[in-house]
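Data first, discussion second: the structure below is written as structure tokens.
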Amino acid sequence: MSADAQLLDLAAGLFLLAAVAILWRRDIRAQTTWLAAQGAALAAIAVILGADQAHPELYVVAAGVGLLRAVVLPALVRRAVEARAEDRESAPLINVGASLLAAAALVLLAYTVAQPLVRLEATTAARALPVGLAVVLIGLLVLVTRRKALSQIVGFLLLDNGITAVAFLAAAGVPLLVEFGVSFDLLLAVLVLRVLAARMRAVFGGSDLDEMRELHD
Amino acid sequence: MSAPILLSLAQALLVLLGAPLLVGAMRQLRARLEGRAGAGIAQPWRDVAKLLRKVPQHPDGTGAAFRFAPLLGVACTGVAATAIPLISTRTGLGAGADLIAVVALLTLATAALALAGLDTGTAFGGMGASREMTIIALAEPAILTAVFALAAKADSTNLPAIVTAALGHGARLASPGNLLAAVALGVVVLAETGRLPVDNPATHLELTMVHEAMVLEYSGPDLALIELGAAMRLTVLLGLFSALFAPWGIATAADPAHLALGVAAFAGKTLLLGSLIAAGEVFTAKLRLFRVPELLAGSFLLAVLAVTASFFLA
């Protein structure tokens, strides 16, 4: 196995570890730290693929992805958390132990459903593809099992990191223009969600989405 | 006696003599970091020597479980120390040096101690035993699964075989499967040796203690054996961890130069890991007991991921 393949495996492992750690920690500030680590791992995956397949434009994409996902987005979420101390805990709907076991099942599911894709091509990138799928599923789990608006943003970012990783690993990334379009969309979505969460707090005094089931006049 | 058997005995003796020193060094480091003078590295040995001179005392109504638990603890850990390739891969147990057997031996020591805690019939003993069993029941699947991730790569659960294979492929150590297994096993080692954040080794506060609650009724030579057993357990588990994830320096040949290097590497790695734990404990608070299952479930998940990664990724 070449050094490139080893590095790619390592980056993919770190990517998955960060997703698990986000599920594990209750403190949203700790989750943002792991989100930053995951963004860095994603950028590393892009750089390694760029070096491996001689795609210089992947370096540009990697720089953009690294800046946005490892620095800007985690910092935005962190600032939103620090604005209000009560929102630090992520208040999961199912307890953390059960969601960790669910994540184990999801990872196995991702490996099983990705088998036909892996068999198409015997490269290291293709073999790491299930990691991206697993992170998509874990992101979805975080998104549906957390009550607070901010931890749902974390889940949304996790989901999107997973999708981007799948794109990198399966097809060495989408075209540059599309990648930047998606990144810009993501930035806007997080900014809008932040404003929305801040408004919710101002109006309802909390960002627990369970309290917003009914309409009032 | 053949050379491998002598080597195994030497390993057990090294662990027996070195374990209290390791605990002493960890306490000293923690004391210094907290701004205290500390009692010195040899204090655990002085404690053990003092306790051994005292008259044995047994509470009324206790039976064999209470009597034999300290001995069984030291004996099990000693046998585990002969099986794990701490200083050399040519240990005397051959096929018996199996990872699953080592895990079973270490669990047997814990189970014996829990029985002793129940045997005293006091509230604290029972409470400590029940807590310890809860933790062990959650830690055991994690440790075995993490071990399977490593065994799958070496095609064997034989410890010397795993370590020899890892020494042969240095780059394999940085694979994602190994890293995940290392984190999982690290958490389990903290839980099994009763360190922070699972149990606080320095406290005797009734509501929070786990290990200390079980051994509350022991005194004199029995307490000395308990302390010695706990220190040996820590040394053996740290040695197992370093042998699996950082096997550099473990002798594969039987000549004196390699063996001396093996002893030095074992002492250095164990001391380094112990210092890391001690320094980390200064900054960590004990986890609420009801949060411990969460920690161990996370460790189990990482172990499962390690197994999947070692099958699919590399």
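We did not get these values from a lab; they are worked out from the coordinates using the rules stated. Owing to the predicted nature of the structure, the values given are computational and were not obtained by experimental measurement. Cβ: placed from backbone, ideal geometry, glycine included. Neighbour counts: every protein chain shown.
Tabulated data
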| read-out | value |
| --- | --- |
| Per-residue mean of C-beta atoms belonging to partner chains within 10 Å, peptide A:96-103 | 5 |
| Within straight-line cross-link reach of B:Lys286, lysines at Cα separation under 28 Å, skipping those fewer than 8 residues along the same chain | A:Lys148, B:Lys269 |
| Cβ neighbours within 10 Å from other chains - mean over B:296-304 | 6 |
| Kirkwood-based shape ratio for chain B, expressed as Rg/Rh from alpha carbons | 0.96 |
| Other-chain or far-sequence residues with amide H under 5 Å of A:Arg146's (modelled H) | A:Leu93 |
| Mean separation of Cα contacts under 8 Å (6+ apart) over length of chain A, as relative contact order % | 23 |
| Neighbouring partner chain Cβ atoms per residue of A:18-29, average, 10 Å criterion | 2 |
| Most mobile listed residue (B:Gly268, B:Gly24, B:Gly61) in chain B, GNM with C-alpha springs under 10 Å | B:Gly61 |
| Mean-position separation - Cα centroids, the range A:27-67 and the range A:151-200, in angstrom | 13 |
| Ranked packing of A:132-144, B:41-53, most packed first, by mean Cβ within 10 Å | A:132-144, B:41-53 |
| Computed over chain B: relative contact order in percent, which uses C-alpha pairs under 8 Å that are six or more apart | 29 |
| The range A:109-115 - phi-based ³J(HN,Hα) in whole Hz, Karplus 6.51/-1.76/1.60, Gly and Pro as x | 4, 4, 4, 5, 6, 7, 3 |
| Nonlocal amide H pairs with B:Asp199, under 5 Å, H built at 1.01 Å | none |
| The range A:135-143 - phi-based ³J(HN,Hα) in whole Hz, Karplus 6.51/-1.76/1.60, Gly and Pro as x | 5, 4, 5, 5, x, 5, 4, 4, 4 |
| Cα gyration tensor shape for the protein assembly as shown, rounded if a/c is under 1.5, else prolate or oblate | oblate |
| Per-residue ³J(HN,Hα) for the range B:41-49, Karplus 6.51 cos²θ - 1.76 cosθ + 1.60, θ = phi - 60°, Hz, x for Gly and Pro | 5, 8, 4, x, 5, 4, 4, 4, 4 |
| By average C-beta atoms within 10 angstrom, highest first, the peptides B:106-118, B:281-293 | B:106-118, B:281-293 |
| Relative contact order [Cα under 8 Å, 6+ residues apart], the range A:21-132, whole percent | 28 |
| Helix-only mean residue ellipticity at 222 nm for the protein assembly as shown, each DSSP H run of n ≥ 4 adding -39500 (n - 2.57), per residue, nearest 500 | -24500 deg cm²/dmol |
| Nonlocal amide H pairs with B:Ser88, under 5 Å, H built at 1.01 Å | B:Ala251 |
